[in-house]
Amino acid sequence: MSFMKTSFFNDRQWAIVASIFMMATSAMGPGFLTQTAVFTAKLGAAFGFAILISILIDYVVQQNIWRVVTLTQMRASDIANKALPGSGYLLAFLVILGGFFFSIGNIAGAALGLNALFGLDTKVGGVLSGALAILIFASRKASLVMDKSMIVLGLLKIILIVIVAFIVMPPVGEAVQQTFAPDQIDFAIITTIVGGTVGGYICYAGAHRLLDKGAVGPENIDEVARAATKGIIVVGIVRYILFLAFLGVIVSGASIDLASHNANPAAQAFQYAAGTFGFKLFGLVFWAAGISSTIGAAYTSVSFFTAFKKNLTPKQSNYSTITFISLALLLYVLLGATPAGLLIFVGGFNGLVLPIGLTIFVYVAACRQDMLGNYHYPKWLLILGVLTCLLTWWMGYMSFTTVFNYLTKL
């Protein structure tokens with residue numbers, strides 16, 4: 001990877017690549033895999049519409065957030081506090097809390113992966129996976145190790161998901177038709193999938209990595225915008241391929257257990273698709289998704305600590321990240337929640353966080369040109385941002401029902 005960095009990319013380009021993979025791997029964690037399996041089993045080909053909506057929302061959200069962070073050269077919580085005094089503390093609290101829940105769910109996902117691969121007890125697998133994430137941040141070159149890990153794990157997930165899709169041969173024609181003209185629409189499911197792929201810490205992961213790498217300022221804005229588009233296109237394609245893979249399993253007659261307390265819908269689908277080999281593939285995909293998303297959630301959540309303590313040194317940030325992961329790991333071991341159920345919950349919870357941060361960023365883009373260096377913000381993106389804000393507020397209200405229902409069943 002060092003050869004790649006010195007030979008093919010300059011520092012700015014390397015920063016953008018690292019940011020793309022930070023965003024992409026965070027958006028395709030074990031929560032998304034679990035949600036896709038569950039919701040495809042419920043809606044069939046019509047779930048493609050929810051995937052399409054999540055991609056469109058993702059595009060608007062990421063374009064606005066990456067642009068504003070790049071132009072202001074500040075973290076999201078600092079942007080919020082400067083634009084609307086006090087709002088940054090609220091945003092930071094919600095993102096950190098959501099990221100903490102996500103970290104527990106991501107460790108659970110990694111544990112499920114090791115259980116499928118080696119038959120390890122999920123608590124043992126969680127401890128081993130959490131320890132690996134901690135070791136990455138304990139490294140003397142933590143930043144470089146993290147970037148390389150995210151790129152390798154992200155590529156591994158993409159390759160394995162494509163393999164499964166080829167094995168099951170899904171009904172692509174029906175899926176495409178239902179994607180644009182679905183027989184049924186479930187807004188609660190759309191809200192949950194958006195929360196799990198765009199909400200909470202996820203939408204800030206790539207932007208904050210850009211900031212830490214120094215790829216900021218008006219001189220980089222066009223390249224940053226193109227990079228965000230490319231990243232979203234890649235993520236969108238992989239999301240849709242994963243949906244097709246699960247759909248191929250469902251239409252072939254597989255019976256996916258969604259009711260049992262310890263049900264693991266994604267594992268069932270992979271196993272049905274390719275037997276023992278498929279089950280092992282699931283384990284590897286889930287482990288890679290869990291580890292990469294644990295790293296992304298912890299890194300991004302800790303980046304919001306600056307709202308409460310300014311000027312954290314890199315060493316302090318790493319120590320804080322290690323503590324953050326350790327606490328999430330401890331609660332995972334003590335909580336005893338069903339991993340699959342927990343992964344559904346965190347998606348719903350983060351659907352509540354998205355509209356607050358997006359509204360602040362759209363306000364900055366529309367009304368605080370002084371914070372953007374008098375940059376001429378694209379009107380089309382601003383209009384889409386306002387419309388997406390309204391949509392996510394409504395979806396956030398719907399998401400409250402998802403979270404409440406989950407809590408009442410604990």
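Using a Förster distance of 25 Å, how high is the FRET efficiency between Ala131 and Gln73, based on the Cβ-Cβ distance and rounded to 0.05? Walk me through the numbers on the way to the answer.
On the way: r = 35 Å, r/R0 = 1.40.
Efficiency for this residue pair is about 0.10.
Helices meeting the span-like rule in the chain (full DSSP H runs, Cα extent of at least 20 Å along the helix axis, mean Kyte-Doolittle score of -1.0 or higher): 11-27, 47-72, 87-118, 122-138, 142-168, 221-251, 265-303, 314-335, 339-367, 379-409. Under a Gaussian network description of the chain, with springs only between Cα atoms under 10 Å, the residue in Ala46, Ala110, Ala288 that fluctuates furthest is Ala46.
Setting aside same-chain residues fewer than 8 positions from Lys42, which aspartates and glutamates have a Cα under 15 Å from its Cα? The reachable aspartates and glutamates, counting only those whose Cα sits under 15 Å from Lys42, are Asp183, Asp186, Asp257. Extension gain, Gln316-Leu155: 0.36 nm per intervening residue step, less the Cα-Cα distance, totals 55.0 nm. By its C-alpha gyration tensor, with a ≥ b ≥ c as the square roots of the eigenvalues, how is segment 25-71 shaped: rounded for a/c under 1.5, else prolate for a/b larger than b/c, else oblate? The shape class here is oblate. For Phe277 and Asp222, the difference between the fully extended length at 0.36 nm per residue and the C-alpha to C-alpha distance is 15.4 nm.
Just checking the listed ones, Thr179, Thr313, Thr359: in the Gaussian network model of the chain with Cα springs under 10 Å, the one fluctuating most is Thr313. Note: relative contact order over the chain, using C-alpha pairs below 8 Å and six or more positions apart, is 36 percent.
For the chain, the mean residue ellipticity at 222 nm estimated from helices alone is -28000 deg cm²/dmol, where every DSSP H run of n ≥ 4 contributes -39500 (n - 2.57) and the total is divided by all residues, rounded to the nearest 500.
Taking label points 7 Å from Cα along the Cα-to-Cβ direction, Ala254 and His376 give a separation of 5.2 nm.
At a probe radius of 1.4 angstrom, the accessible area of the chain per residue rounds to 39 square angstrom.
Quote the FRET efficiency, to the nearest 0.05, computed for Ile233 versus Gln369 with a Förster distance R0 of 22 Å and r equal to the Cβ-Cβ distance.
Details: r = 29 Å, r/R0 = 1.33.
Taking R0 as 22 Å, the efficiency between Ile233 and Gln369 is 0.15.
With a 1.4 Å probe and every protein chain kept in, tell me what percent of the accessible surface of the chain is carbon plus sulfur. Looking at the chain in its full context, I get 67 percent from C and S.
Among Asp58, Asp147, Asp370, the largest mean-square fluctuation in a Gaussian network model of the chain (Cα springs under 10 Å) belongs to Asp370. Taking a straight Cα-Cα cut-off under 23 Å and skipping sequence neighbours fewer than 8 places away in the same chain, the lysines within cross-link reach of Lys315 are Lys141, Lys148, Lys213. Taking label points 7 Å from Cα along the Cα-to-Cβ direction, Lys309 and Leu390 give a separation of 4.3 nm.
The values are calculated or read from the model by the stated rules, or taken from the named source; none is laboratory data. Everything numeric in this text was worked out from a predicted model, so none of it was measured. Virtual Cβ from ideal backbone geometry, glycine too; neighbours counted across all protein chains shown. Ligands, DNA and RNA are stripped out before the accessible areas are found, and what is left, the full protein with its side chains, is counted by its heavy atoms. Shrake-Rupley method; radii C 1.70, N 1.55, O 1.52, S 1.80 Å.
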